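Structure first, then comments.
The values are calculated or read from the model by the stated rules, or taken from the named source; none is laboratory data. None of these values were measured; they are calculated from a predicted model. Cβ placement follows ideal geometry from the backbone for every residue including glycine, while neighbour counts extend to all protein chains displayed. Remember, those area values only see protein heavy atoms, side chains included, never the ligands or the DNA or RNA. Shrake-Rupley method; radii C 1.70, N 1.55, O 1.52, S 1.80 Å.
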Amino acid sequence: MRTTVGIIGAGPAGLLLARLLHNAGIDSVVLESRDRAYVEQRQRAGILEQGTVDVLRAAGAGERMDREGLRHDGIELRYDRRRHRIDFPALTGGRSVMVYAQTEVCKDLIALQLKEGGPLLFGAQALAVEGAESDSPRVRFRHEGRESVLECDYVVGCDGSWGVARTAVPAELTRTFERTYPFAWLGILADVAPSHDELVYARHDRGFALLSMRSPSVSRLYLQVPEGTDAEAWSDEEIWRELERRFETADGWRLERGPITQKSVTPMRSYVHEPMRHGRLFLAGDAAHIVPPTGAKGLNLAVGDVVTFARALAHRRETGSQELLDAYSRTCLRRVWQAERFSYEMTTTLHRTPGATPFDDRLQLARLERIASSRAAATDLAEGYTGFPLD
Ligand code: RFL
Ligand code: PHB
């Protein structure tokens with residue numbers, strides 16, 4: 001089997017890359033270890049930055065998003081039983097975000113790929129990337145019980161945080177940067193209309209809570225819990241009671257309850273793998289970097305990476321110049337580190353770290369007060385949340 005670009009992983013990074021290459025007339029093959037249903041149902045991100053929305057539209061993958069997605073012009077910060085709204089368009093010159101779940105982005109891209117694009121093999125597990133430093137890198141993979149080789153001009157590892165692609169970068173050329181947090185998120189899906197029409201990020205002495213949504217009738221809610229928590233250890237009643245406490249305001253706001261249809265725990269981690277390229281192997285999305293979900297940046301960073309790669313390869317084809325491919329890692333990492341910084345600041349401002357002192361608590365409140373009272377501070381948050389530019 002032979003192709004121009006071998007793509008490992010059919011998460012948002014791999015699927016969007018295949019689409020962008022197809023639109024540029026470049027062929028690719030996508031290898032995905034899991035089955036289609038698994039990829040389409042994995043509950044994850046919910047927020048698309050303005051730039052991500054624009055990219056999906058331009059790629060011809062925005063039709064259902066524009067029909068069913070919910071445009072959000074702000075978020076609410078809640079602390080000390082008070083509420084403060086951040087108005088994105090007013091602070092950023094018109095930018096906003098879209099609530100449209102990662103599951104739906106993946107379904108749309110898979111449908112397009114199967115209808116119009118190149119091969120997308122489910123149940124195809126990449127075992128190793130070989131020859132990254134040569135002109136013809138290869139992906140060894142297992143599909144339907146047989147081992148095969150995919151010969152490529154380029155390989156893009158879009159295989160997420162536990163993938164194999166990055167292990168092909170020699171250790172002596174690699175630097176990794178990591179931080180783990182001593183807490184996790186317990187996330188639920190509930191069949192109840194969201195109790196607020198925008199996302200609510202709550203800082204509370206008992207820990208962080210987030211109100212998000214999937215549709216006008218489905219709520220997505222998160223609670224900060226100790227790392228290593230078993231989701232099943234929390235009864236539905238305990239979850240609702242804890243959410244009510246953390247979202248409580250002085251003005252009588254009420255959280256509506258409904259049947260919980262799914263529960264899971266997500267660990268929190270910051271991680272960057274440098275460089276994001278070795279020879280003809282390129283890393284994109286979670287394969288190269290992880291952010292804690294508080295900033296809603298992971299999927300959006302993955303989109304930025306694959307747009308950068310697709311542009312660089314198209315440039316190479318049109319002009320013969322390697323320049324943009326050579327700049328890939330540097331270009332992506334600039335944006336990655338801004339997103340790491342933003343996600344870290346959101347996380348440390350809103351979560352209660354075990355062992356935090358009263359001084360730490362007051363500092364968090366002072367940071368939130370600053371955002372609530374200074375247009376400059378609020379603008380910084382709004383610019384970060386709606387997304388850093390792709391160029
Ligand atoms: P993915 O989605 O993990 O996809 C990688 C794919 O590669 C496959 N794979 C392999 N395939 C073949 N051979 C192998 N050896 C393979 N190894 C792995 C996997 O099966 C998988 O299908 O990575 P990608 O495409 O880079 O996308 C990244 C995003 O999924 C991730 O950053 C976001 O979900 C993070 N995230 C959020 N991002 C946002 O932008 N906004 C949000 O609101 C947001 N909320 C979240 C989040 C992540 C969360 N969790 C569960 C970590 C909320 C949560 C709770
Ligand atoms: C989500 O809806 O899943 C979501 C929204 C915002 C975040 C993280 C997750 O910061």
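Number of residues in the range 139-148 that are part of a strand (DSSP E or B) and without any contact (Cβ under 8 Å) to a residue 60 or more places away in the chain: the value is 4.
Scanning the range 199-216 for residues that are within 15 Å of ligand 2 (Cβ to nearest atom) and open to solvent by 50 Å² or more (accessible area, probe 1.4 Å) returns a single hit, Pro216. Exactly one residue among Arg269, Arg330 is more than 19 Å from Ile8 (Cα to Cα) and within 16 Å of ligand 1 (Cβ to nearest atom), and that residue is Arg269.
For the range 1-53, a tally of residues being among the aliphatic types (A, V, I, L, M) and not in a strand (DSSP E or B) returns 15. Are any residues in the range 25-51 in contact with a Leu (Cβ under 7 Å, 6 or more places away or on another chain) and of a type in the set (Ser, Thr, Tyr), and if so, which ones? The one that is in contact with a Leu (Cβ under 7 Å, 6 or more places away or on another chain) and of a type in the set (Ser, Thr, Tyr): Ser28. Go through the range 109-129 residue by residue and tally those that are within 14 Å of ligand 1 (Cβ to nearest atom) and either within 22 Å of Phe309 (Cα to Cα) or outside the structural domain of Pro293 (by TED's automatic domain parsing) (or both). Final tally of qualifying residues: 9.
Only one residue in Ser321, Ser343, Ser329 is open to solvent by 10 Å² or more (accessible area, probe 1.4 Å), in a helix (DSSP H, G or I) and either under 18 Å from Thr52 (Cα atoms) or free of Cβ contacts under 8 Å to residues at least 60 places away in the same chain (or both), so which one is that?
Ser329
For the range 150-196, filtering for residues that are in a strand (DSSP E or B), more than 16 Å from ligand 2 (Cβ to nearest atom) and among the β-branched types (Val, Ile, Thr) leaves 4. Pairs are defined by a Cβ separation below 9 Å, a sequence spacing of at least 6 or placement on different chains, a first member in the range 279-291 that is within 16 Å of ligand 2 (Cβ to nearest atom), and a second member that is part of a strand (DSSP E or B) and among the charged types (D, E, K, R); the pairs so defined are Ile290/Glu178; Ile290/Arg269; Val291/Arg269.
In the set (1) outside any helix (DSSP H, G or I); (2) surrounded by fewer than 16 Cβ atoms within 10 Å (Cβ to Cβ); (3) not β-branched (Val, Ile, Thr), Ala366 fails one condition alone, (1). Criterion applied to Leu91, Leu56, Leu127, Leu114 was being surrounded by fewer than 18 Cβ atoms within 10 Å (Cβ to Cβ) and outside any strand (DSSP E or B), and the one residue passing it is Leu114.
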